[in-house]
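Undergrad: Just passing along the structure, written as structure tokens.
The values are calculated or read from the model by the stated rules, or taken from the named source; none is laboratory data. Predicted model only: the values in this text are computed from it and were never measured. As a convention, Cβ positions derive from the backbone with ideal geometry for all residues, glycine included, and neighbour counts pool all protein chains shown. The accessibility values were calculated without ligands, DNA or RNA, using every heavy atom of the protein model including side chains. Shrake-Rupley method; radii C 1.70, N 1.55, O 1.52, S 1.80 Å.
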Amino acid sequence: MSDSEQPEQPIGEAGDRRVYDPDNEHHFPDEKVNAVLEWLDGDEEVQTYLRAQNVNAVDRKRYNDHGAKHIEIVRNRALCLYDLLKAGNVEFNGANQQGLEEADEAVIVALAATLHDVGHVVHRDQHAYYSIPLAADLLDKILPEFYDVSDSVRVKGEVLHAILCHHTAETPLTTEAGVIRVADALDMERGRSRIPYEQGGRGINTLSSQAIDRVSLHEGEGTPVMVEIAMTNAAGVYQVDNLLKAKLNGSGLEDLIRIVAVNTNEKREQLVERIEL
């Protein structure tokens, strides 16, 4: 197993929510989403898409990782973010307005996180729009394993909405979609840019990602969620201010998430010590 295939490990202090563990207790009914996650991890077609979608992004464009590792991290962040929001009594409207059950909220989040970047197999540019028909085909295969026809249609629509709205040009209309939008930007640690950096890529996305040491999610004080970002130099500000801020704005979660980034490099003069969104 290569470094990029290693399962993500929780690091940081107590209370740091980085990895969704199906065996833990959660603030939502988790039996259905755990069954869906197990199915996804065992399906050859889904897993092949997750590997194939990295070719255009990394091998051809020398862009940051958008393959199976990125999906693993985004899905972990999305489900942990969802759990923290549920602990803070935040109401989710996507499944509810479709007449679905509370347990379906996490399924929508998990499926959208898994399939949001599948459009990269077509092209990096405009990939969110290519993701829609490809994800729709996969959902037609996945959802009948867990839902009847009527509920499959409703879950499918909510998942596709969340996938589309991870793109900043589109506005999330559900809390579930807002979670996907923000979680996508929370994959910013240096491991994501390892391959393009080693291949000589020195674009701002690669360099700024190299400056991010750790992203941690915690229960907040005054907000349901606190996101703490440790960066080693000022280049990391681009990830926080240009990418994460852009995803948070318009997500519907702006008042529910506090973001603090701290420069942890004590060996050199710091141009930026701390920023807070």
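Undergrad: Distance in nm between label sites at H27 and N93, each 7 Å beyond Cα in the beta-carbon direction?
TA: 2.0 nm
Undergrad: Which of rounded, prolate, oblate describes the stretch 1-152, given a ≥ b ≥ c as roots of the alpha-carbon gyration tensor eigenvalues and a/c under 1.5 marking rounded, otherwise prolate only if a/b is larger than b/c?
TA: Because a/c hits 1.5 or more and a/b fails to exceed b/c, the stretch 1-152 counts as oblate.
Undergrad: The stretch 60-151: which GluC sites (Glu not before Pro) are DSSP loop and have at most 16 other beta-carbon atoms within 10 angstrom?
TA: E91, E101, E102
Undergrad: If you don't mind, there's one more thing I want to ask. For the stretch 31-160, with all protein chains present and a 1.4 Å probe, just round the carbon and sulfur fraction of the accessible area to a whole percent. List each step's numbers first, then the result.
TA: Values: 2370 of 5350 Å².
The value for the stretch 31-160 is 44 percent carbon and sulfur by accessible area.
Undergrad: Taking the simple approach of a point 7 Å from Cα along Cα-to-Cβ for both D241 and V149, what is their distance in nm?
TA: My value for the distance between the label points is 5.5 nm.
Undergrad: How large is the dipole of the stretch 104-180 about the Cα centre if only Lys and Arg carry +1 and Asp and Glu carry -1, each at its Cβ, rounded to the nearest 20 debye?
TA: Roughly 200 debye, rounded to the nearest 20.
Undergrad: Let me ask you something else. Going toward the positive end of the dipole of the stretch 47-191, with +1 on Lys and Arg Cβ and -1 on Asp and Glu Cβ, which of I142, H123, L111 do you reach last?
TA: Going by the charge dipole, the pick is H123.
Undergrad: How much length is gained on full extension from T171 to D137, taking 0.36 nm per residue of separation minus their Cα-Cα distance?
TA: My answer for the length gained is 9.9 nm.
Undergrad: Let me ask another. In whole angstrom, how long is each semi-axis of the equivalent ellipsoid of the stretch 97-147, when you take the square root of 5 times every eigenvalue of its Cα gyration tensor and sort them from largest down?
TA: They are 23, 12, 8 Å, listed from largest to smallest.
Undergrad: Rounded to the nearest 0.05, what FRET efficiency do A52 and A103 give with R0 = 35 Å and r taken as the Cβ-Cβ distance? Could you check? Let's see the in-between values first.
TA: Values: r = 31 Å, r/R0 = 0.88.
After rounding to 0.05, the efficiency reads 0.70.
Undergrad: Let me ask another. Counting heavy atoms of the protein chains only and a 1.4 Å probe, report the per residue accessible area for the stretch 112-192 as a whole number of Å². Mind showing how you got there, number by number?
TA: On the way: 2950 Å² over 81 residues.
Heavy-atom SASA per residue in the stretch 112-192 reads 36 Å².
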